[in-house]
Structures are given as structure tokens and as C-alpha cells.
Amino acid sequence: MGAPPKFSDADLLLHWEQTGNIRETARRLKVKYNAVYERLIKGNFIQAATFDPGRGGFTSRTIPEGVTLIVPDLQAPAHHPDALAFLCAVRDKFKPLNTVCIGDEVDLNWLSDFAKLPEVDQSHSEWAAAQAFMRAFYAEFPEGVSCVSNHVEGRLAKARTRGRIPPAFLRPVEDLLDAPIGWSWHSSIRMGDILIRHGHRDTAGLKRVIVEEIPAEHGRHLSLLIGHFHSRIGVATPDIKIGEKFFWGAFTGCLVDPRHPFFSYSKGTEKLGTVVLVHGRVVPVAMSLDERGRWTGVL
């Protein structure tokens, strides 16, 4: 093991109090994100993530072909209490080359147009809990790419237009989520013949999207993997043969907590789990639950 990062609590607090941002604090101290996160937790300068029941202009990104872990909709702080432990176990089992977040990392419930229960409609506490979870997530997953989504960029954009706030007054989403420098946000992710995006502008009938819409948009056919639809996981279309190639459409599932008050509308149809891309094919990984609704710890 290497020597622990050498920086004093005084230096840490100086930069932390100036920035309030783990990523920027780590950059100033010339250390890794995890080193700052762990010291802040150890010194009780921030709280570890806990479960509390109570932008335009994005570009696409191409990633290298290889085993890819997909992080499905989390919607923190309405994520499943075992979501992070489950994702770490999947990572350790499959040892992915890439980590792709499908979007909706946080819920931003207070910015939505839907009716809200008064006991959970508290913007400050919701955001504090969501940010605490995301810091813990990024400590485990310091590098990756994420998709633009309706709960994050969509709700922030709506709030901006309603508040008549110029773009120059806004912080980038990576700063809001306190993400490490190793993360970036994109309208879609390409990996070989696979297109990955959040899916909030797609229909659940993926065959038409693959056969008609994707070629019109990208100039060729691609398989499609999307999130957004919490009640679907795995391949949803049989192989579609186009010319000499086969293409598929698939969903990521989700890792939300259906019991959370944010999901008072839930019908209990959520498919908890995620998928891993292995050799260009979808491998669903279900989250098995016990009678209390907690993950059994078994993959």
C-alpha cells in the first residue's frame, strides 16, 4: 500500500470552506477525490450518505468497447438503501472497463410539477441527502460518463426558464453533484454498435426507434439501451436483423426505493437491478430482496 496523502486538516478545511466542493478541494491539494472524501468523513466535517425515507448543448461521447457497468436510475435521495452496495458488488464481479450512468442520479423532487406530500417537500433536506449519497457514490466510482436526463438537466432547465435566470448565473451539473473530474455528461454514449441514452424522449416500443429514428438521427442502425422506464429491465426486443447485422433494444431497470414517499404513485412494478454489457450483449443483474425489501447480498 502507498503512503497516505499528506495534507493537514488545516489545509483541508481552508480549501473546503472556500469551495464547498470535494472535486475542487482535491484539485487544489493535488490529491485524489477519495483522499479528500475519506478525510472529511473521518473528521466529521461532512456526513456519510444515509437513507432518509422522509442543460442544453451536451455532446455525444464515444467510449472504448469492453465490459461496461450501467448505473440505472437512482433518483437520490429516493434511491434504494442498498443501491451503492449492490453496484459495488456488481462492479467487483464483472470488473468493467467502463462505467456509464444512465442519468436521473438525483430526483430534484422539489422542482417537479407533480403534487407533493408536504412532509417530504423540503428542498434543503432533500438536496443535502442527495448530495451526500452522490459523494459516497463518486468515492466508489471516481471515473465514468453520464447521460443527460429529465430529472436532472430537465428539471434544472425548467427552473432556469421559470426563474428567468441567465446561464452565466448557473453552476454546471458536475459542480452541483460534486462529481470528480473523471466524470462528464453527454446527450448520448456510443460504444461500438450500441447507443446508450437516458430514454426520456424515447417510447417504450424500441423496435421503431431502432429501425426508423436512430438511422435518421445517426445515419446508421444501432442497438439501443435506455433507462427511464423503471418497470423494464433487459432486452425488450428480439434480435432485429437489418442487412447482415442484428440489433437489439434493452432497458436498464432501476435502483429506486418504491417505498419512498416520492414514489407514492408507484404500482409496485419496478424492476430493481441493473445491466452489464459484455461482448456487446446485455446481461441483466436483478437485485434480489428479502421480506423487508432489503438486498439479500446475493448476485
Do you know which of the residues in the stretch 172-190 that are surrounded by fewer than 17 Cβ atoms within 10 Å (Cβ to Cβ) and among the small types (Gly, Ala, Ser) is farthest from SER223 (Cα to Cα)? GLY182
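So which of ALA168, ALA128, ALA136 is out of contact with any helix residue (DSSP H, G or I) (no Cβ under 8 Å at 6 or more places or on another chain) and modelled with pLDDT of 80 or more?
Numbers: ALA168 fails: modelled with pLDDT of 80 or more; ALA136 fails: out of contact with any helix residue (DSSP H, G or I) (no Cβ under 8 Å at 6 or more places or on another chain).
Matching residue, one of ALA168, ALA128, ALA136: ALA128.
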Could you grab the pairs with beta carbons closer than 9 Å, sequence gap of 6+ or different chains, first residue in the stretch 89-111 and on the phi > 0 side of the Ramachandran plot, second one assigned to a strand (DSSP E or B) and of a type in the set (Lys, Arg)? GLY103/ARG197
Name the residue that is surrounded by the most Cβ atoms within 10 Å (Cβ to Cβ), counting only residues in the stretch 191-242 that are touching a His at 6+ places or on another chain (Cβ under 8 Å) and on the phi > 0 side of the Ramachandran plot. GLY199
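The values are calculated or read from the model by the stated rules, or taken from the named source; none is laboratory data. As the structure is a prediction and not an experimental result, all values here were calculated from the model. Cβ sites come from the backbone with ideal geometry, for glycine too, and all protein chains shown count toward neighbours.
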